Ligand code: NA7
């Protein structure tokens, strides 16, 4: 007889850990399957030098347990990857989760058996596992974008992908290094490699907007300030558009004078927070003229930060609105281009043609390097789910159902895929929010749904087509009323050749989204149907992981 559990959770990142804890608290037999050799998800894989969160530490953490948030001490305003990974490991130990996590276990797909109401979860090189419920806690930035450079396999030096960084320290000293990609990751890794490498070439296609992080050690006073009233701090975050308190005054650019506008930009710029800066005015991501005022402000700062004025045109974005691609923060990024050992290669001016055995060839010539660092991003939000062979009712695959656009009810469930839930899936705030708030919102919602449905074999809970259609229409309507409709980044899948272009996030705000979840819950999970399979099978046969 197959191994069977009430709940199979895929992924042991922040979402998977909390889902396991929640399921266990509800008395469910749950197991986490994780492809990595350790827990941590995003924070396990992205261990490149300089990897750091762009949401402040007090916000980027679990709120579900007051003792946990009181006892943990963050050392910096923006936590570095090792500290976040240590925190997730602490959580796993503190809530005794490790015996429910199976590492080095790569889920390849899952198929729903309609007769029994059972999912069969397939594992690479292992026996399938059966479950009543499957929770895909697979992360939104977990599938690296496949490098699409001709000739990459001919390169005779070392190739390193930032999102699969090796365990051992990489020594760049004396080396000629190329970094391709200038999103958040490139912006973080470039200043660090520049300090070590003999020569660093930064290959930039689309420049990002970046603000100084003003990262700093947190003081006792910072801790006292937040921890003395953490509950209110969390509540403000949940009631905010981005899932973090931004101190916004709630005015549009048109409601203030030019001087007041400038002062507000300075206030948020000097604080050092992309969320605060993007929240300076209520019309920033709605109205292009408003957005232009923010763009001009940041462009002026970039000019001040780079002494070599011949680089300004290339480094200042001109092709998209600020904050509809990731608004980055950095520590010394722009200043790095004034170093003698660093050069910017503008791929708009000289398109990248191929990788050669000795380096990178652009339309202007060859650049020889010893190491190629690819900071080229992810097949975000839907990438992992589309790659897995997930089959719902009638054998339909999620990949096919999402062929034109990723439809979903609330970003949590997909019609035709009963008992399968996606944490921070498409159509929820996900990456346009503080992920910890969005993860907690989803896990608590899924937990409530499972409690309502029960775990008796044969139980079926599923989003209806009608509810899904209505939600997708709402997500699109909200998106179309903002500048996100013109986005050309991974926020809409535009970075992956062939990927359907659709806004992957609900941009109506974490607060509005939370209200919707609460209303659905209060309406006895309106939009979900609760039924029974015709031939339920015996109860769970779980066991230790
Ligand atoms: P991003 O933000 O997707 O950045 C990837 C970068 O790589 C971006 O500058 C891309 O330029 C560049 N890229 C990708 N493919 C190519 C090719 N073929 N040629 C040249 N340049 C290329 O990923 P990150 O890892 O930096 O950040 C992801 C998120 O992680 C981040 O926002 C945080 O939320 C954490 P392009 O823009 O496509 O012209």
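Quick notes on this structure:
- Residue among 514, 508, 498, 479 that alone is part of a helix (DSSP H, G or I) and out of contact with any strand residue (DSSP E or B) (no Cβ under 9 Å at 6 or more places or on another chain): 514
- Scope region 310-332; condition within 14 Å of the ligand (Cβ to nearest atom), in contact with a strand residue (DSSP E or B) (Cβ under 9 Å, 6 or more places away or on another chain) and more than 20 Å from residue 180 (Cβ to Cβ); matching residues: 327, 329
- Residue in region 295-303 that is more than 13 Å from the ligand (Cβ to nearest atom), in a loop (DSSP other than H, G, I, E, B) and surrounded by fewer than 20 Cβ atoms within 10 Å (Cβ to Cβ) present: no
- Sole exception among (1) modelled with pLDDT of 95 or more; (2) within 16 Å of the ligand (Cβ to nearest atom); (3) surrounded by 15 or more Cβ atoms within 10 Å (Cβ to Cβ); (4) more than 17 Å from residue 20 (Cβ to Cβ) for residue 118, by number: (2)
- Residues (assigned to a helix (DSSP H, G or I) and either farther than 24 Å from residue 192 by Cβ or at pLDDT below 95 (or both)) located in region 304-324: 309, 310, 313
- Filtered by the rule that a residue be farther than 26 Å from residue 501 by Cβ and either within 11 Å of the ligand (Cβ to nearest atom) or free of Cβ contacts under 8 Å to residues at least 24 places away in the same chain (or both), region 333-353 gives 340, 345, 350.
- Just one of the listed residues (475, 431, 461, 414) is surrounded by 15 or more Cβ atoms within 10 Å (Cβ to Cβ), at negative phi and within 16 Å of the ligand (Cβ to nearest atom), namely 431.
- Hits in region 72-105 - residues which are more than 25 Å from residue 222 (Cβ to Cβ) and surrounded by 15 or more Cβ atoms within 10 Å (Cβ to Cβ): 92, 95, 97, 98, 100, 101, 102, 103, 105
The values are calculated or read from the model by the stated rules, or taken from the named source; none is laboratory data. Given the structure is predicted, the values throughout are model-derived calculations rather than measurements. Methodologically, a virtual Cβ is constructed for each residue, glycine included, from the backbone with ideal geometry; neighbour enumeration extends over all protein chains shown.
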